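First comes the structure, then the notes that go with it.
The values are calculated or read from the model by the stated rules, or taken from the named source; none is laboratory data. In this text the structure is predicted, and so the values were computed from the model without any measurement. So basically every Cβ, Gly included, is an ideal-geometry build from the backbone, and we count neighbours across all protein chains shown. In case anyone asks, the SASA skips ligands and DNA or RNA and just uses the protein heavy atoms, side chains included. Shrake-Rupley method; radii C 1.70, N 1.55, O 1.52, S 1.80 Å.
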Amino acid sequence: MSKIPVWIDCDTGVDDAAAILTAGQLEKIEIVGISAVAGNVPLEKTTKNCICVSDLMGRDYPVYAGASRPWIRPYEDASSVHGNSGLGGAVLPEPSKAPEKEKAWEAIYREAVKRSGELELVATGPLTNVANALTLYPDLKDHLKRILIMGGAASGGNVTPCAEYNILTDPDAAQAVFRSGVKVYMFGLDVTEKAYVTRKELEEINEYGSPVTTFFHDSVEPRISWYEELGFPGSCLHDVCPLLYLEHPEIFRTEEAGVFVETQSELTLGKTVTDLFSDHQFEEKNAVVALDIDRDAFIKYMFEALKKY
């Protein structure tokens, strides 16, 4: 069986790490490269975390550093949620190597051309690297199969009443991606806030006792209380969703939609405006929006993957 070539562009924090670990043991996926962007923590830390997580997996994925700040707006990290290192309460050994010399957007373009029409680009952080690649290489849109993102929301937000962190961090780059001509599969808060792990489930997988499951527990556990205070049953693992979709699309409910990003209004900056719930429809259905998930299946498949290390 030929595997799906996947490029992961991320700002490796707690749930990005869980996503990479899960993807590494999915039967249909081949991770062909990882690129880092400033987001949950600054670029130096997200790049380091990508390599450290790869080391934990016993893999030698090429890791590329990308953008250290958004296109236009000031950069604000999310270390208050992900911890100073980005990996919650977990500590990993120092990275075994330095990142590759090529810039993230150069490597994404090269790999997309090499695998023209096949490469799945999964972005779980701000979309600065992806927008850079699409802007610098206009023909990239003809080589990517699609772009799957964790970001946005058809309704609501988690930083402002209407904006999600990854989109709000660089709304101008996000708008460039949605207007690029590449189909965007959006896994926003509508679905990712249903993709949580409970305290009980976290303790159960910790009993497995492998370095990977111990890391998973130690990185996620400090966020449980934070999420519980917000009224969630457990810690949301947002970034696992688009990668798990590639292997198990049947556990998600999706709907085609027009989606664009607000970049001008102070009140609604970063909102992913969709036509899902409106009488007026955009002329173009440029996106597929995930709206629901079978959470029991989500936990089952994620834990199965983590236990394979």
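Data for the structure
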quantity: Filtered residue count, region 96-131, keeping only those that are more than 12 Å from Asp9 (Cα to Cα) and polar (S, T, N, Q); calculated: 2
quantity: Enumeration of residues in region 16-53 that are of a type in the set (S, T, N, Q) and closer than 19 Å to Lys97 by Cβ; calculated: Ser35, Thr46, Thr47, Asn49
quantity: Tabulated pairs, region 281-298, first under 14 Å from His238 (Cβ atoms), second open to solvent by 60 Å² or more (accessible area, probe 1.4 Å) and assigned to a loop (DSSP other than H, G, I, E, B), C-beta under 7 angstrom, 6+ apart or interchain; calculated: Ile293/Lys194; Arg295/Lys194
quantity: Among the residues listed as Glu106, Glu102, the single one being modelled with pLDDT of 95 or more and in a loop (DSSP other than H, G, I, E, B); calculated: Glu102
quantity: Residue selected from region 275-309 under the condition over 20 Å from the mean Cα position of the chain (by Cα) and of a type in the set (Ser, Thr, Tyr), by the criterion farthest from Leu56 (Cα to Cα); calculated: Ser278
quantity: Qualifying residues in region 170-181 (those that are open to solvent by 10 Å² or more (accessible area, probe 1.4 Å) and of a type outside the set (Asp, Glu)) - the one farthest from Val81 (Cα to Cα); calculated: Gly181
quantity: Per-region count, region 201-259, residues surrounded by 22 or more Cβ atoms within 10 Å (Cβ to Cβ) and in contact with a Cys (Cβ under 9 Å, 6 or more places away or on another chain); calculated: 3
quantity: Residue that is surrounded by the most Cβ atoms within 10 Å (Cβ to Cβ), among those in region 260-284 that are of a type in the set (Asp, Glu) and within 20 Å of Arg146 (Cα to Cα); calculated: Glu284
quantity: Residue satisfying condition, being at pLDDT below 95, among the hydroxyl-bearing types (Ser, Thr, Tyr) and over 20 Å from Leu168 (Cβ atoms), within set Ser35, Ser85, Ser96; calculated: Ser85
quantity: Scan of region 119-139 for residues that are polar (S, T, N, Q) and under 13 Å from Phe187 (Cα atoms), ordered by number; calculated: Thr124
quantity: Whichever residue in region 260-276 is of a type in the set (Val, Ile, Thr) and out of contact with any Cys (no Cβ under 7 Å at 6 or more places or on another chain) and, among such residues, is nearest to Trp71 (Cα to Cα); calculated: Thr263
